[in-house]
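Comments concern the structure below.
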Amino acid sequence: MEVVALVSGGKDSCFAMMRCLDYGHKARLLSSIRSPILPRFIRVSSTRPPSTLLLLAGDEVEDMFALLSEVKRQIPSISAVSSGAIASDYQRLRVESVCSRLGLVSLAYLWKQDQTLLLEEMIRRGIVAITVKVAALGLKPSSHLGKELAELKCHLLRMNESYGINVCGEGGEYETLTLDCPLFRNARIILDNYEIILHSADSIASVGILHPRSFHIEYKPYSSDGIGDGSVIQEISSCMYEVDEVMTHTDVEEKQTLSPAVDAYTNIGLCISKTGKNLRSIGCWIQDHSRASEGLKADLVAVLSRIDNELKEEGLGWVNVLYVHLYISNMKEFGLANEVYVSFITEKKCYLGVPSRSTIELPLVLVGLGKAYVEVLVSNELKKRVLHVQSISCWAPSCIGPYSQATLYGQILYMAGQLGLDPPTMKLCPGGPTAELELALQNSEAVANAFSCSIYSSAIHFLVYCSAQLTSDEKEEVEQTLQSSYITRLDCSTAGSYPTVLYVFAPDLPKGYASLHFYILARKEMETGMTQPAPSQAWSTEYSGLHDSCCQIHTIDGRICSAVVSVTSDIASKICSTAGQLYHTEENLKAMARFCAFQITKILADNNFSWDSITMLRFYYSVDHSVAADAMSCAFSEAFAELAEDNSSLRTDEAPFYNIVPVSGSGCSACTNDIITCELLASKPSLHTQPNCSL
C-alpha cells in the first residue's frame, strides 16, 4: 500500500515508518503537526523518498482529518496511514477514527509490542534519537536531556525495575527527537547548541525541555544531495505545503442504511428464540419450505430487521449487543453480507463499541432455513468493555470491519473468532490447518493479554470451527496440535477442571481451515438462591448410566457452567427403540431430543443453575442424516414440553430458549461426528457487574 506517515520527529513514528517498509509498503509522503521544538524541517528519504511534507498547526482530531483529507486530494493513491502508537489507546483511536471516516487503513506496527525489546531493536537498527523532554521519577533534566537512547538504555531499564516507568516513554516519561536513522538516506541532523528549560522544578519528578538553538545537516557519504545548504533547502521548500486552516468538510459519504418497512417481511416465516433474562441470546432464522429465497441480501435484511424490532420492543438497541454469530449459506457472498450488516450495526448505534462477531458458512438452504441465520448475545445493562483495534499491527489481526476482537461483560470475556492470520500482513499463514491453528492460538492469547488474561489459565469454553474439507488425517493432526499446543499447557489449578472443547465443521470459513473462539472467565462472587430445574424422575431411570459417557462439564465456583453433550451413534443405539435403523425417523428424533433435554436439565440441576441462567444453548445436528430443520425443531419442542409437565419453572408457551443449528459435523473430537451435539453456557447474576478480567 502507498502510505502517508504521521511523523512527530520522535523515535516511534520514525521506527513505525521503517516497519512499514519492512512489510513492503511504500512511504509516499510525511505529514506532521507543527513542532515548537524544531522550527525547520528536514526531508528524509527511503528507497523511494517521500515526495511531500505536509504541516498543520494544531493537534485536534478535526485538524488531522483536514490534513489527511488534503493528502487524499493531492495523492489519491494513498490508502494507508502510519503512526507510532505503542500503548496509547487515545492516540490509536484518534488515528483510527479519522482513517475510518476517510476510507484509509491505519498501520500501527509498534502497537502492544514489548517495550524493552522494542527499544533494543530501535537502537540496534540505527535509530539515533535524543531526549528533548523528561518528566518522570528517575529522569533529571540536567543529567538526561540531550542524551541518546543508546546511552540511556541501561538507566531506563533500571528505572523500569525501580519505579515501573515505560522504557519507551509511553507514559509521557520522556520525548525524543530523531537525529539519524536508516530512513535518512542523504543526511543526518547535528545539534550544535541548545538550552535546557526547566518547566517544573518538582522535587520528585522535575519536568525539563531541550530547546535547540542551532543545528546543521551533515551529509552522508555517497549522498546525491550533498551540494550545499541553499539548494537542498530550495528543493525541500518547493515540495512543502502547509494546511493552516481546519477545512470545512463532510465525512466520506456514509453507506445507505437499509431500513425496510416491517410489513415488507410479513410473508416470510421468521422464527425467534430467546434464552435467559438479563443476559440472553436472541436468535432469528427463516423456516419456510414453501418460500423460495430472494437471495442472501433479502434474507439477512429480514432477519436483522426482526432482531432490531425485538430489541426495540424490549427498550434496547444494538448497543446492548455483546456478540453476534452470523451464519450465511455461501461464504462467497461474505462481502454482501458485510454490507447489509454494517447498515444495521454501526459505530454510531454501538457507541460503547461494536459487538464481537464470528461468521461461518452453514448448510442452511439444505435444511430449509433460508440463506441467513443470526444469533446475538444481549445484555439489559450498558456495562461492557470492548476492544476494537482497527489498525494493522504486529500484535494480533486487526478488525477493520464492524466488529471487535473481544467484549468483556461481567465475569466473561467473549472473544471473536481468530483465524491463522499473520497480523502485520493480514495474510493466512502457510502450512495448512495445523499451522493455522497454532497461529490462531497465538492471536487469541494476544487478545486475552490485552485484558490481563490468558487462554491458558481460565478459559471456560473453546469452540473450534473447522473446514468440512479437511481429510481424516488432517482432522487428527488438528486435534493432536490442539492437545500439544493448548490442552497440555492449561493451568487448571484454580478451576479444577478443563474447559469444554467443541469441534464444529462448516462447509466454508472466511479464509482458512480453522477458526478459534474462546469464552474466558473473570472471577467474582455471585448471587445464589435461584429456583433450580429438576429432571424428570421417569427419564432419570431411563437414561441412568449414560451421563458421564456423553458429557463434558466445566464449572467455576458454582457461578459459571459450560457443558457439551454428545449424542454419538453409540449413544443413539442405546436410547432409540429402533436400534440399527436410520436415526432420522420421527420416533428416533424424539428419543434423542428427550435425551438431550434430560442431560441439559440434569447439568443445570446438579450445578444449581436455573433455566433463566442460560446464556446460550445450541443443538448442532449433522446434515448428513438428511433431517429438515422443522422436523428437528418439532422433536425438541415436544421434548421440552414433556419435560415442562414435571417442571413448573420451565415455560414452553413462549419462544424457544435454544437454537437448532445445521452443520456439516460436530463433536468433542475432531475425528468423531455426533448425530446431535448440545452446547450450553450458563451464568448466575453477579453482585458486582464490572470486574477486572483475571484469567
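Please treat every number below as a calculation from the coordinates, not as lab data. Since we're looking at a predicted model, the values are computed, not measured. Because the Cβ atoms are built from the backbone with ideal geometry, glycine has one as well, and the counts that use them run over all protein chains shown.
The packing ranking, built from the mean of other Cβ atoms within 10 Å per residue, places the peptides 399-408, 604-613, 7-16 in the order 7-16, 399-408, 604-613, highest first. Paramagnetic label reach from residue 352 (point 7 Å along Cα→Cβ; backbone nitrogen cut-off under 20 Å): within the stretch 304-324, residues 307-324. Looking at the stretch 262-683, the DSSP beta bridges with both ends there are about 75 percent antiparallel. At residue 313 and residue 89, where each label point lies 7 Å from the Cα along Cα→Cβ, what is the point-to-point distance in nanometres? With each label placed 7 Å out from Cα toward Cβ, I get 3.5 nm. Remark: the residue 222-residue 294 segment gains 19.3 nm on full extension, using 0.36 nm per residue and subtracting the alpha carbon distance.
Our coupling estimate for the stretch 358-365, obtained by passing each phi through the Karplus curve with A = 6.51, B = -1.76, C = 1.60 and θ = phi - 60°, is 10, 9, 9, 8, 10, x, 5, 4 Hz, Gly and Pro reported as x. If R0 is 35 Å, the Cβ-Cβ spacing of residue 489 and residue 150 corresponds to a FRET efficiency of close to 0.40.
Can you work out the FRET efficiency for the pair residue 142 and residue 23, with r the C-beta to C-beta distance and R0 = 56 Å, to the nearest 0.05?
Values: r = 41 Å, r/R0 = 0.73.
My answer for the efficiency is 0.85.
Overall, the stretch 142-227 carries a charge dipole of about 220 debye about its Cα centre when +1 sits on the Cβ of Lys and Arg and -1 on the Cβ of Asp and Glu, all other atoms neutral.
Toward the positive end of the charge dipole of the stretch 262-683, with +1 on the Cβ of Lys and Arg and -1 on the Cβ of Asp and Glu, the farthest Cα among 364, 564, 327 is that of 327.
Calculate the dipole size of the stretch 262-683 relative to its Cα centre from +1 charges on Lys and Arg beta carbons and -1 charges on Asp and Glu beta carbons; express the result in debye to the nearest 20.
Details: 28 positive and 45 negative charges, 221 e Å.
Roughly 1060 debye, rounded to the nearest 20.
If R0 equals 60 Å, the separation of the Cβ atoms of residue 201 and residue 365 corresponds to a calculated FRET efficiency of about 0.20.
For residue 112, the lysines whose Cα comes closer than 26 Å to its Cα, not counting residues fewer than 8 places off in the same chain, are 11, 26, 133, 147, 153, 383, 384, 427, 511.
Projecting the Cα atoms of 352, 588, 678 onto the charge dipole of the stretch 262-683, computed from C-beta unit charges around the Cα centre, puts 352 farthest toward the positive end. Shape class for the stretch 112-180: oblate, because the ratio a/c of the largest to smallest gyration tensor axis (alpha-carbon atoms, square roots of eigenvalues) is 1.5 or more and b/c is at least a/b.
Which of rounded, prolate or oblate describes the stretch 362-446 when judged by the alpha-carbon gyration tensor and an a/c cut-off of 1.5? Before the final figure, lay out the partial values.
On the way: a/c = 2.08, a/b = 1.11, b/c = 1.87.
Oblate, since a/c reaches 1.5 and b/c is not below a/b.
Summarising the label geometry, the points placed 7 Å from Cα in the beta-carbon direction at residue 456 and residue 472 lie 3.4 nm from one another. Close amide H contacts of residue 454 (hydrogens built in the peptide plane, cut-off under 5 Å, sequence separation of 5 or more or a different chain): 695.
Taking 0.36 nm per intervening residue step and subtracting the Cα-Cα distance, what contour gain separates residue 117 from residue 570 on full extension? Please report the intermediate quantities before stating the final value.
Values: separation 453, 0.36 × 453 = 163.08 nm, distance 5.38 nm.
157.7 nm is the gain from fully extending residue 117 to residue 570.
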